[in-house]
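Notes follow once the structure below has been shown.
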């Protein structure tokens with residue numbers, strides 16, 4: 001026989017997930033869902049923890065589903081390949097080498 005508290009927790013998780021996935025007034029939906037779940041249970045630390053855990057897991061699942069749905073709607077971005085960089089020396093490096101060689105010549 002199935003544990004009735006487990007089924008209620010799964011249903012609560014599913015409802016929280018669906019309210020996040022829809023994305024309309026998320027804060028109010030989650031708050032009212034949490035409040036109703038707390039009112040239907042005993043007010044113990046264990047039951048409160050179960051409600052909060054179920055709602056949090058449902059919210060996490062809903063956010064993940066919403067993110068994958070949004071990314072599936074977007075077209076894949078095309079990445080342009082950059083041409084290979086030339087290995088030319090930078091002018092600052094050349095200038096520093098010239099200054100060094102000039103200083104060496106003056107010392108001789």
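Worth pointing out:
- If R0 is 30 Å, the Cβ-Cβ spacing of residue 31 and residue 72 corresponds to a FRET efficiency of close to 0.55.
- The modelled label-to-label distance between residue 7 and residue 22, using points 7 Å beyond Cα along the C-beta direction, is 2.4 nm.
Bear in mind these aren't lab numbers, they're just calculated from the coordinates by the rules spelled out. Quantities reported herein were computed from a predicted structural model and do not represent experimental measurements. Backbone-built Cβ (ideal geometry, glycine too); neighbour counts: all protein chains shown.
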